[in-house]
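Below is one structure, written out as structure tokens; comments come after it.
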Amino acid sequence: MPCPIYYTTGFYCPGCGSQRAIHLLLHGNIIGAFRFNPLMVLTLPLLIYGLGITVANWIFGTSYRFMLFYSKLFIFGYFGIAILYWVLRNLPFYPFNLLSPSG
């Protein structure tokens, strides 16, 4: 399914290429996945860890938290990085054009 933002504007969003990157990760191709969406590949370990804590809390009845997700600095910093990534991957010259899903 094509990205609605790319389909309507012609610009890549921060998530463009994530589906292909996840497909490559599931097949063990980390470098190929990084080529399609480096932000997603770098964020995935944090999300998996946070999900693991949530599942462990549910199974064991504990209430541990991944405090990084509750830090304002982390939240604003991450969204700032995502916006910067969004802008940079749409610049039409080297090396930024390498951040587009088509490479």
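Some points to look at:
- The condition of being touching a residue at least 24 places away in the same chain (Cβ under 8 Å) and of a type in the set (S, T, N, Q) holds for only one of Ser100, Ser71, that being Ser100.
- Exactly one residue among Leu84, Leu51 is within 20 Å of Leu25 (Cβ to Cβ) and among the hydrophobic types (A, V, I, L, M, F, W, C), and that residue is Leu51.
- Each residue in segment 92-103 was checked for being among the polar types (S, T, N, Q) and either at positive phi or open to solvent by 50 Å² or more (accessible area, probe 1.4 Å) (or both), and 2 of them qualify.
The values are calculated or read from the model by the stated rules, or taken from the named source; none is laboratory data. Keep in mind that what you see is a predicted model, and the values were worked out from it rather than measured. All Cβ positions, even for glycine, are placed from backbone atoms using ideal geometry, and neighbour counts span all protein chains on display. Side chains included, ligands, DNA and RNA excluded: accessible areas come from the protein's heavy atoms. Shrake-Rupley method; radii C 1.70, N 1.55, O 1.52, S 1.80 Å.
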